Amino acid sequence: MIMETELITRGTPAISEASNELLLSLMAGRNNDPASAEQAFAEFYNRHRDYVFRITCKVANGLLDDDEKFDLVQETFIRAYEKAHTFKGRAFDDVTQERKWARAWLGVIANHLHIDKMRKNKGVRLLSYDDEEVKREAEWKRVAANLPKDSEHRLVQEALEQLTEKEQWILRLAALNYSPGDKQLRIPDADLDELAKTYNVSKASIRQTKNRAKEKVKNYLEARFQQKGGDIQL
Amino acid sequence: MNNEEKNWKTTESHDGSLDEQIYRAMVELGWVFPQTVEEVEIAEEQMYRETAPPHTGLPTAEDILKRMRSANSRIPVVERMQLLPLLRQRSKMKATAIAESMGVTVTFLSDISSHSNVIPFKPRKEVASLAEAKLPGVTGQEVLDSFDPDLYQPMAAFRDRPFEEENVNYEKIVLRSDMSEEQQRYWLSLAEEEQK
């Protein structure tokens, strides 16, 4: 990673070595130096484009169509460019952590845009899964089955996979509105309205389905632990 | 107690609710956007193990920059306006008259116009409905769009340095709006409904 003063001294080629924080800082200064801002954007986009796209394909699978996924990726970067001044860098010792921090920030932007996009669609459209994406997920599951992983996370994943499609969608939508640190998975009223319309049921019924889904996850976990002779309290 | 139970208990006491456990599992399943360093780590780890090639159909950085330049030069200024200037221009009314017609205060309108990013969806919808119903020449959709003016904001409007970000939220805006207590309760209730 290099700092701003060094970048100025070494010139343009050094932009490929610039930290994400510096790139965003150059983008934030676009009014004074549009050429550097655009170079910084290009570098930032090339670093994170595939990551954002692959995450978007997974998260939006079945919720947005292919064109909308492409749009979401582009809009995430456009928003990042325009909101670059809001990025708060941290003093990281290594490049990897700094990259993850920038990607977490992109994740917040993409999540907001995704929610907006679904709301503007005037309804939660439940599209069919993209076959290629399903294949990729299936492949991942086969690989993951042989990997040592935190067992509790795997159990929760197993529990989620036992839910009906409707229960999974409702929990997914609640999770999209969840921020780390929140106490509960909640569904905003506007989304409840749309879900109720989609499934042709009342909002209360959607809330009940969400609670039932959580109860199923809890029961599944309890049952799995009891099978192993434990007496865990959830 | 086997290791699995021990792990679970440790995590449960450390991480809190079942909801958080479900959320974390969803991060691993790729059902939500990773929004913390730890979540990005999980997502990246999974990506490295996947064999999917990077997508080749994505636009280049130059394509996106062109799109932004083109959007800046093509979109009429009025479509990029913040809420209050938009209402004034469309209705040809003064801010005080607009506020009076909508049953709110100028302070409130000015605040939600300047801090549109902190306004929850339900109050936005209410402002849009009120504006459409009470003001001439205003549509609800353009009011809703005005809450999100930054996407195609013209370059000329960007400043060298941003204004210092004021620590403001929707509740603060309502409480300092000079509206009656009853009005304040109503506007706050809209945001609360959204949280339920």
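Surface listing: A:W101, B:W187 arranged by accessible area from highest to lowest gives A:W101, B:W187, probe 1.4 Å. Taking θ as phi - 60° and the Karplus parameters 6.51, -1.76 and 1.60, the scalar couplings of the range B:178-184 work out to 6, 7, 5, 4, 5, 4, 4 Hz in sequence order, x denoting glycine and proline. 3J(HN,Hα) along the range A:51-63, derived from phi through the Karplus expression 6.51 cos²θ - 1.76 cosθ + 1.60 where θ = phi - 60°, amounts to 4, 4, 5, 5, 5, 4, 4, 6, 5, 8, 4, x, 9 Hz, with x in place of Gly and Pro. The phi torsions of the range A:27-34, fed into the Karplus equation with coefficients 6.51, -1.76 and 1.60 and a -60° offset, translate into couplings of 5, 5, x, 4, 5, 7, 9, x Hz, rounded to whole numbers, with Gly and Pro shown as x.
Residues A:Y51, B:Y186 ordered from highest to lowest accessible area at a 1.4 Å probe: B:Y186, A:Y51.
Of the whole protein surface, B:V168 contributes about 20 Å² of accessible area at a 1.4 Å probe radius. When the pairs A:K166/A:K203; A:K197/B:K125; A:K117/A:K218; B:K66/B:K125 are compared against a 25 Å limit on Cα-Cα distance, A:K117/A:K218; B:K66/B:K125 fall above it.
The values are calculated or read from the model by the stated rules, or taken from the named source; none is laboratory data. Bear in mind the structure is a predicted one, so any value in this text is a computation, not a measurement. The accessibility values were calculated without ligands, DNA or RNA, using every heavy atom of the protein model including side chains. Shrake-Rupley method; radii C 1.70, N 1.55, O 1.52, S 1.80 Å.
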